[in-house]
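Every number here is computed from the coordinates shown, using simple stated rules; none is lab data. Every value quoted in this text rests on a predicted model; they were computed, and no experiment measured them. Cβ placement follows ideal geometry from the backbone for every residue including glycine, while neighbour counts extend to all protein chains displayed.
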Amino acid sequence: MNTLTRLTEGLPRCLTRLTLLSGVWATALTLACSSPSESGTTQGGAGGSVATTGGSSTQSGGTMAQGGNSTPQGGANVAQGGATNVSTGGSSAGASGSASGGSSAGAAGAQAQGGATIGAGGSTSGGAGGGNTEQYPKPASLPAETGASLWLRYPLVPIQGRLTEYKAAFKQVVKAGTNASVDVAVTELTTGLSGLTGATVAAGTATDAGSVLVGTAQAEPIKSLPLATRLAALGPEGYLVETADVGGKSVTVVAGNTAVGALYGSFALLRHLQTHRPLAGLSLSAAPRIKTRVLNHWDNLDRSVERGYAGRSIWDWSALPGTLSPRYKEYARANASLGINGTVLTNVNANAQVLTASYISKVKALADVFRPYGIKVYLTARFSAPIEIGNLTTADPNDAGVKKWWTDKATEIYGQIPDFGGFLVKANSEGQPGPQQYMRTHADGANMLADAVAPHGGVVMWRAFVYSEGSPVDRIKQAYDEFKPLDGKFKDNVLVQAKNGPLDFQPREPFHPLFGAMPGTPLTLELQITKEYLGEDTHLAYLGPMFEEVLKSDTYAKGAGSTVAKVIDGSLHSHTLSAIAGVSNIGDDANWTGSHMNQANWYAYGRMAWNPDLSAEAVAEDWVRQTFSNDPIVVAPVVQTLMRSHQALVDYMTPLGLVHIMGTDHHYGPAPWVSNLSRAEWNPVYYHKADSQGLGFNRAPSPGSDAVAQYFQQVRERFASRATTPDAFLLFFHHVGWADKLASGRTLWEELVHRYSVGVDEVGVMRDSWAKVKGYVDDKRFTDVADFLQIQHYEARWWRDACLTYFASHSKQAIPAGYAMPAQTLSYYQGLTCPSDAKKPRCMPIYSGQPSPAVLK
Ligand code: GCV
């Protein structure tokens, strides 16, 4: 029995699963364990297929809802490893087929059943896990894969019954109507269906039995089918996929109100088939909850990528517009398959050159490629552009010449790109120019740009990531302090974009207090897909649980249930605009994202942007099935590994609410000792405040910084009291004495050692789990992932030992019995000069010895 299994022994299944996903949504999961799931599947059948045997000790207790410490275990229908004669489809289908209760589906296991839901946000890919008891054959050989195909892989269905079913149902693809997006849908369907069935599924014209009929609601023969009412409820991007009778022939209809809706439906059908779900009762239907779902590329015009760990920018500006890399279309396909409908091409630390005529023609070339895939382009606007490329002497937003310059610039852009999305702006932050230089407010600046794009239907996304020079009492308070007073002062086509937490994309942060606090302004949630502070390309950290945690966090802005998801989808405060942004992790590496596992984060962002109620676990399962294999022998351990990975990383990097203790600039390795940077709030010591008494930043009311006052009452009170602050955020809000007892019964020092140690050992469990899929995943990807897990294991131990030796220098306490001693001294870790290459960070000196066990008993 390994350490982690031992830790979880004896805990009730639902409770332990609940804390695996610890955080603010723990209550929802409790319900899922105790009552039938609301989620829908087309054909009943058992839900959960992922057995999460074992489990990790977690940053638990960390639930805003209910606190308490425990460890995860989970459990569902399929035992890890061993027999593969199990239901396919599995837990994800129930979950993904649901607008609500989704996260529970895996946990709910066999409870997930029943009819598909239709409506906004609902993704009734349903049809899971029913009836298929076929055994997956062990692959004789698997061709090496680079990862370039992402999740858009269509290998022959290896189980005979399902293959026969699919072959009978999909013989050709017929389009209804004429449109570039429908043409794309036909291409995707013929490619995907041919691959999955091993037959040639070509485009046809006559609607015979076995056709997939794809098109819009306005085009015959779809127009004559009784779908109008249901389609109308789905809005411009929604889709409906079901079996229908057309002229006495049984066909599969993929219908949207628009051609892009039909394209989304096509990808939903393909996903259904890629995950080997049954066709009986097929009924897929969904519409996005959030209107604008964009990637933010921090890509520079010289093809470097800020915080990019996957090679150079995919935008080859010097070759554009004449040469179009095939990757552009591949990029568009991948995004459309998730429902991402916009891309901001350039870094928020902006270069005004992209607004010059020659660059606009390059941007137009990209927009033309992306348009059939439903993707609009946006650009970052450098506030000082009128000076830098417009020969003006000021960028004052109240200056008539400046206004005219931006108005003309917008007209020029829209002349080339009629569906241009608008501008994203970082102003008066980290050296970027902005309206405050002219004694104007963020609203003045945003509104001036908003006026320029409004006649063309464009929007302005104005970032709230600001912190000023000087030595503020508490950096995390500044965004709220600057933006809250501006609520209601922005034009109708402005969205204010805030990061998930009030600091800066840390491994874990509480939700940003601006969510819910600006009822008169639509807010965009900015998530960071690229893992700047989470092990970059190398460490496996699936961000789905982190995304889910923030989306389900309750702001209490309008009473209980005022989740961040409801703030950003516009429903809480009745906004017409709604948006979500993910800072891209894409580069020109063959595998797109620097590692195979990082693809899961792009995928999760897209799926959860479409439907913020989806569970991270359901999404993980779909991704694994599409990306690696449907064989439960692969699905179970890999989903389990993904679901543990974020918490493991938090434990070995920044447990208990610690933040920003990474090395200067590169943000990769541990450096909690750094105290000599010119601005106070750049230093790790500013954030952890370790001293001889204890550890943590006091943000409670005076003598604390009173940052908690920025939250609504229920949240404020919870965080203001040390007793009710979840362990996950304890040191974020409180300075806790080294000898103080935590909920676990351990002192702070003991708990810190415990968390760091458990985090390291958890990576060992992840390595062992991955080792089991050898032979079931192609050798290339298997080895790539295994190599990174080995590095991660060493680096987790580096993090632990470096941080514990440093914090011990304050606590003056020894490592308790039962935990491994740090491998080296504090001065050794302080003397390491890793990484030498910030883009592919490595730390060779620490790759030796045995990282685990760190917990000895
Ligand atoms: C684009 C952090 C990152 C910066 C980033 C900034 C932002 O500070 O380290 O690289 O700049 O956030 O979000 O604007």
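Pairs of C-alpha atoms in segment 306-419 farther apart than 22 Å represent 38 percent of all such pairs. The Rg/Rh ratio of segment 140-233, with both radii computed over alpha carbons and Rh defined as the Kirkwood radius, is 1.05. P(r) tail for segment 799-838: Cα pairs beyond 16 Å make up 37% of the total.
For segment 450-563, divide the Cα radius of gyration by the Kirkwood radius and give the resulting Rg/Rh value with two decimals.
1.00
Computed over segment 343-387, the range of Cα coordinates on each principal axis works out to 35, 20, 11 Å, biggest value leading.
Taking 7 Å steps out from each Cα toward its Cβ at Lys741 and Thr576 produces label points 5.9 nm apart.
Annotation: peptides 390-401, 172-183, ranked by per-residue average of other Cβ atoms within 10 Å with the highest first, follow the order 172-183, 390-401. Near Ala479, once Lys and Arg are set to +1 and Asp and Glu to -1 for all other residues with Cβ below 11 Å from its Cβ, the sum equals +2.
When the Kirkwood hydrodynamic radius is evaluated over all pairs of different C-alpha atoms of segment 684-772, what value in angstrom, to one decimal, is obtained?
14.4 Å
Under Stokes-Einstein, with the Kirkwood radius over Cα pairs standing in for Rh, what whole-number D in µm²/s applies to segment 573-673 at 4 °C and 1.567 mPa s? Answer from the Stokes-Einstein relation: 81 µm²/s. Taking amide H as placed 1.01 Å from N in the peptide plane, the amide H of Val254 sits under 5 Å from that of Leu213, Val214, Gly215, each at least 5 places away or on another chain.
Among 233-239, 559-565, 672-678, 593-599, the peptide with the highest mean count of other Cβ atoms within 10 Å heads the list, and the full ranking is 593-599, 233-239, 559-565, 672-678. Once you order the gyration tensor axes a ≥ b ≥ c over the Cα atoms, which shape class does segment 760-857 get: rounded for a/c under 1.5, otherwise prolate or oblate by comparing a/b with b/c? The shape class here is oblate. Only Cα sites of segment 236-301 enter the Debye sum here, all with the same form factor; the resulting log10 I(q)/I(0) across q = 0.13, 0.21, 0.26 1/Å is -0.45, -0.89, -1.12, listed in q order. Computing Rg and the Kirkwood Rh from the Cα coordinates of segment 414-503 gives a ratio, Rg/Rh, of 1.01. Shape class of segment 368-525 from the Cα gyration tensor (axes a ≥ b ≥ c, square roots of the eigenvalues): oblate, since a/c reaches 1.5 or more and a/b does not exceed b/c.
Taking 2.2 N^0.38 Å as the expected size of a compact globular protein, what ratio does the Cα radius of gyration of segment 394-433 give against it, to two decimals?
1.37
Looking at segment 584-740, the pairs of alpha carbons with a distance over 19 Å make up 67% of the total. Across q = 0.17 Å⁻¹, segment 503-562 modelled as identical point scatterers on its alpha-carbon atoms has Debye log10 I(q)/I(0) values of -0.64, in the order of the q list. Remark: the Cα gyration tensor places segment 255-353 in the prolate category, a/c being 1.5 or greater and a/b exceeding b/c.
For segment 792-801, putting each phi into the Karplus relation 6.51 cos²θ - 1.76 cosθ + 1.60 with θ = phi - 60° gives couplings of 4, 5, 4, 6, 5, 5, 4, 4, 4, 5 Hz, in residue order, rounded to whole numbers and with x for Gly and Pro.
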